[in-house]
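For reference, the structure discussed in these notes is given below.
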Amino acid sequence: IYSYASAIFMVFPFLVLIGIYFWKEIWNRKGLFSISISLFLVLLAPFILFILKNNIVKSELFIEQYLPFQIPDMLSNREQIFKNLGQNLAIIKKNIIFLFSGFKEFDRSFNTTKFYNAHFFLPFGLLGLFYVSQIVINKTQRQFAVLFFWGLCCFLPFLFFEMNLNRSIHLQSVIPIFVAIGLYFLFQFISDSHFKKYFAFGFIGLFIIQT
């Protein structure tokens with residue numbers, strides 16, 4: 001959170017969703033949970049002051065001179081996230097192009113990726129997200145909720161920040177997980193063993209050709 005500006009859009013919604021989904025387990029351990037929350041708030045205090053200074057008050061805080069640490073100033077190009085609907089839609093459009101182009105930064109002179117993203121992977125990622133969502137809704141394996149909520153929260157910065165290789169690292173890490181789950185779900189759905197072989201060889205072949 002301290003080093004990555006857009007993490008606030010992932011970490012806090014994730015914690016809230018996990019808290020709501022597992023509230024019974026939390027209530028059964030409310031003593032331990034209270035201690036954990038207290039420790040969390042202590043560790044989070046500098047970040048809360050950082051948000052207060054840069055996003056709410058937008059000036060020096062009177063308590064800064066009494067603190068054992070400094071509260072840094074946010075870079076000017078990161079101060080305003082919610083601009084207006086038109087600009088946010090433009091950001092989303094750019095991010096979609098960035099995603100389907102294989103994470104290529106067209107407006108930068110440096111681009112560390114020397115390969116093409118396998119575009120046909122993305123529908124399998126949606127299939128994997130759907131498969132995990134059914135497990136979470138039916139509560140058959142409750143631990144899948146952690147993966148599901150983290151996957152959803154990783155897409156939130158996609159709506160507010162213009163993506164680049166650095167800001168999209170969370171997407172680059174979570175998409176392959178849901179792609180693998182989607183492929184597994186589809187492979188289990190296919191009953192014909194011969195078709196399974198054709199599907200596997202065809203998929204591997206397309207992956208090698210495109211990348």
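The values are calculated or read from the model by the stated rules, or taken from the named source; none is laboratory data. This one's a predicted model, so the numbers in the text were calculated from it and none came from an experiment. FYI the Cβ positions are ideal-geometry reconstructions off the backbone, even for glycines, and counts take in every protein chain you see. In case anyone asks, the SASA skips ligands and DNA or RNA and just uses the protein heavy atoms, side chains included. Shrake-Rupley method; radii C 1.70, N 1.55, O 1.52, S 1.80 Å.
Observations
- Relative contact order of region 130-211, pairs being alpha-carbon contacts under 8 Å that are 6 or more residues apart, as %: 22 percent
- Estimated FRET transfer efficiency (Val42, Phe155; beta-carbon r; R0 30 Å; 0.05): 0.50
- Nearest-10 value in Å² for the accessible area of Val42, using the 1.4 Å probe: 100 Å²
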